[in-house]
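The values are calculated or read from the model by the stated rules, or taken from the named source; none is laboratory data. These figures come from a predicted structure and were not determined experimentally. Glycine also receives a Cβ, built like all others from the backbone with ideal geometry; neighbour counts cover every protein chain displayed.
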Amino acid sequence: MSEEKLQNLLHVSTVINPPESFVKNANVKSYEEEYKKFLDNPEVFWAEVAEELFWYRKWDKVLEWELPYAKWFVNAQTNITVNALDRHVKNGKKNKVAFFWEDEFGNEKVVTYGSLYTLVNKLANALKRAGIKKGDRVVIYMPLVIEQVAAMLACARIGAVHSVVYAGFSVPALRHRIEDAEAKMVITADVTIRRGRAIPLKQIVDEAIRDLETVEKVVVLRRLKPRVDLIGEKEIDFYKFIENEPSYCEPEVMDSEDPLFMLYTSGSTGKPKGVIHTTGGYMVGTYYSMKTVFDLKDDDIFWCTADPGWITGHSYIVYGPLVAGATQVIAEGAPNYPDFGRWWKLIEKYGVTIFYTAPTAIRMFMRAGEEWPNKYDLSSLRLLGSVGEPINPEAWLWYYKIIGKEKCPIVDTWWQTETGAVMITTIDGLPMKPGKAGKPVPGVIADVVDKEGNPVEADKGGFLVVKYPWPSMMRRIHKNPEKYESYWKTIPNCYFAGDVATKDADGYIMILGRADDVINVSGHRIGTMEVESALVSHPAVAEAAVIGKPDPVKGEAIKAFIILKSGHEPSDKLIEDLKYHVRMELGALAVPSEIEFVDKLPKTRSGKIMRRVLKAKELGMDPGDLSTLED
Ligand code: WTA
């Protein structure tokens, strides 16, 4: 297709049809038929999916619900690791590759289902020996290595609830998560390696668990030579820990509704909240999306570039792909180190067929220039995915043309930590509209509505909601039932996602951004209040207000407005100090890219900061209703 023709497609009709050859071989032949099958009988639909998996005991009922609570596969019993490992090992896939892992230096590891099975079983036995029992919480603070995946699965094997903390979070952020979960154990590594540098992790754990009595043991994967010292009786080397363990661990029989993991995510208020997912529904939901959204076949090579520290890694590196028996590529480190060819080289080397990444990465590569991907053979690719934030049509088109060579459909997948699995996209044969995520996947009833829950007119902005329970939905917020219930109470009888969206006449949903005080920086959710409270904990800061500002690569960047305490003067040095302070409090991803010192902040009469006014002023837009402004 010529450049001109593509541009026309993009701006005039904005519809691109997937290649016929793709549609012909797709797992789901017709979106409409599949969706109708679901609508005709949701419970039969989901039961059919669940039947493909192993259960110790089948369900009495597929779904039991009374909003805001729902139970899926009631009274069924299973263990997700039996589906992710034992099932494949027993069905002739013992030697199938589960993971090709690489670091930035090109060191590689090939891990088969058989060897992953053994590692997970040994670790599971070691966890048991260390006194970890079903329901206990284990925090995993590790880089993207096989042992990280194994640690998650080992917890799941024995019914312990893992809470993975992204290795970019700093001491207080990690401490909050360990404390809130009352974790008994932390599994970590000496370092994570990024841009050729070793970044210490264990030191952060040491500080984070100081005086935290719940933590009985710290298991440390030691990668560097000479090895880092272990301190005291709490700490043990990862491989020493599993050394003498038997290579089979009887899986814990889990009720479908037993918790599988918790994962913290930012909201509009205060501290991040622990979203809890359970076993049966999450397993069925993520498995179904592997087959439909990602059209996974037995010989595919799947690469999701996320980190298991985020939900995308949980669902599309660990649980979804392994339950579906996929072969995957994972790569520790930065996408553009040692150079901008790294990812494309890996696609060529491993023959990746399905590639799933974030718009922020696409935009970064777009800037670096197409000469990088053009150096490599990307012809193995057959499907591309995007997640985490809206993808702008320009980036979409670049991805489609330069990476997919106009022969790979793009699935722009909308979903959330809370939804567990992909909710909206263009599955299989659906025509694509660059910039619009698409339609609810079969199994999901989503809509765009006003505050009262009435559907809005086509192309008019409204709130994105889900109107019927789905298997991989979160079940609770740790120790915070009000917060959980608020998701279902904001708009009557709907799950309120917190996003603003439009729906066009064809039913395509376009996500515009968050409706709440959450900023999406490079696809990561950051609460304005979190950054503000980090800032005001600095001795020079009296008050702080934080907004998200459009950024050409990150999607949004953080801008902070600061009122200084008397006796402190604005300076470049202070700006650097404040940035460093946020890095230490929260982590690099929450550092404001801009800081402005002000004398006053717009507030309501009740003293709440009106971020929307700051934002409008910053962007030169109409601030809207100012009647509540204090002066
Ligand atoms: C945003 C990540 C537009 C959205 C899986 C959502 C998206 C939040 C998309 C969830 C997309 C995610 N298009 N926006 N395809 N995917 N978002 O919990 O604002 O880290 O509410 O889950 O990211 O972020 P979370």
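Brief remarks follow.
- One residue alone among ARG367, ARG382 is away from the ligand (no atom under 15 Å from the Cβ), modelled with pLDDT of 95 or more and over 24 Å from the mean Cα position of the chain (by Cα), and that residue is ARG367.
- Failed condition for PRO359, given (1) of a type outside the set (Gly, Ala, Ser); (2) buried (at least 23 other Cβ atoms within 10 Å of the Cβ); (3) in contact with a Phe, Trp or Tyr (Cβ under 8 Å, 6 or more places away or on another chain): (3)
- Taking segment 153-173 as the range and being under 18 Å from the mean Cα position of the chain (by Cα) and of a type outside the set (Phe, Trp, Tyr) as the test, the residues that pass are LEU153, VAL161, HIS162, SER163, VAL164, VAL165, ALA167, GLY168, ALA173.
- Residues of segment 363-387 classified as assigned to a helix (DSSP H, G or I) and either without any contact (Cβ under 8 Å) to a residue 12 or more places away in the chain or under 23 Å from PRO321 (Cα atoms) (or both), total: 1
- Of all the listed residues (ARG177, ARG157, ARG129, ARG137), the sole one being of a type outside the set (Gly, Ala, Ser) and under 27 Å from ALA334 (Cα atoms) is ARG177.
- The listed residue being in the same structural domain as MET290 (by TED's automatic domain parsing) and more than 12 Å from the ligand (Cβ to nearest atom), out of LYS439, LYS503: LYS439
- Listed by position, the helices (runs of 4 or more DSSP H) enclosed by segment 8-98 that each have at least 1 residues that are under 19 Å from LYS467 (Cα atoms) and under 29 Å from the mean Cα position of the chain (by Cα) are 31-40, 42-51.
- Residue that is surrounded by the fewest Cβ atoms within 10 Å (Cβ to Cβ), among those in segment 583-602 that are in a loop (DSSP other than H, G, I, E, B) and either among the basic types (Lys, Arg) or within 26 Å of the chain's Cα centre (by Cα) (or both): LYS600
- Here ASP339 meets each of (1) under 21 Å from TYR376 (Cβ atoms); (2) in contact with a strand residue (DSSP E or B) (Cβ under 8 Å, 6 or more places away or on another chain) with one exception, condition (2).
- Scanning segment 420-465 for residues that are of a type in the set (S, T, N, Q) and under 26 Å from VAL284 (Cα atoms) yields a total of 2.
- Filter result for ASN392 (out of contact with any strand residue (DSSP E or B) (no Cβ under 6 Å at 6 or more places or on another chain) and either away from the ligand (no atom under 14 Å from the Cβ) or outside the structural domain of ALA324 (by TED's automatic domain parsing) (or both)): no
- Scanning segment 393-424 for residues that are within 20 Å of ILE311 (Cβ to Cβ) and in a loop (DSSP other than H, G, I, E, B) turns up TRP415, GLN416, THR417, GLU418, THR419, GLY420, ALA421, VAL422, MET423.
- So GLU596, is it of a type in the set (D, E, K, R), in contact with a strand residue (DSSP E or B) (Cβ under 6 Å, 6 or more places away or on another chain) and not assigned by TED's automatic domain parsing to the domain that holds ILE362: yes
- Of the strands (runs of 3 or more DSSP E) lying entirely inside segment 228-332, those carrying at least 2 residues that are within 16 Å of the ligand (Cβ to nearest atom) are 259-265, 273-278.
- Per-region count, segment 548-582, residues surrounded by fewer than 16 Cβ atoms within 10 Å (Cβ to Cβ), within 23 Å of the chain's Cα centre (by Cα) and either of a type in the set (Lys, Arg) or not in a loop (DSSP other than H, G, I, E, B) (or both): 1
- Given (1) out of contact with any Lys or Arg (no Cβ under 6 Å at 6 or more places or on another chain); (2) at negative phi; (3) at pLDDT below 95, index of the condition GLU485 fails: (3)
- Of the residues making up segment 464-489, those that are touching a residue at least 12 places away in the same chain (Cβ under 8 Å), surrounded by fewer than 22 Cβ atoms within 10 Å (Cβ to Cβ) and among the hydroxyl-bearing types (Ser, Thr, Tyr) are TYR468, TYR484, TYR487.
- Given (1) surrounded by 24 or more Cβ atoms within 10 Å (Cβ to Cβ); (2) without any contact (Cβ under 8 Å) to a residue 60 or more places away in the chain; (3) of a type in the set (Val, Ile, Thr), number of the condition THR279 does not satisfy: (2)
- Candidates are the residues of segment 178-210 that are at negative phi and among the acidic types (Asp, Glu); the one that is nearest to the chain's Cα centre (by Cα) is ASP180.
- Restricting ASP459, ASP447, ASP516, ASP428 to those that are within 13 Å of the ligand (Cβ to nearest atom), among the acidic types (Asp, Glu) and either modelled with pLDDT of 95 or more or not in a helix (DSSP H, G or I) (or both) reduces the list to ASP516.
- Positions within segment 526-537 being outside any helix (DSSP H, G or I) and crowded, with 21+ Cβ neighbours inside 10 Å, in sequence order: ILE526, GLY527
- Selection of segment 235-284 for residues being of a type in the set (D, E, K, R) and within 27 Å of the chain's Cα centre (by Cα) yields GLU252, ASP255, GLU257, ASP258, LYS271, LYS273.
- Within segment 407-425, being more than 18 Å from the chain's Cα centre (by Cα) and either near the ligand (Cβ under 9 Å from one of its atoms) or of a type in the set (A, V, I, L, M, F, W, C) (or both) holds for CYS408, ILE410.
- Selection count, segment 100-135, where residues are out of contact with any helix residue (DSSP H, G or I) (no Cβ under 6 Å at 6 or more places or on another chain) and outside any helix (DSSP H, G or I): 16
- Test: THR360 is in the same structural domain as ASN27 (by TED's automatic domain parsing), in contact with a Ser or Thr (Cβ under 7 Å, 6 or more places away or on another chain), within 16 Å of the ligand (Cβ to nearest atom) and not in a loop (DSSP other than H, G, I, E, B): yes
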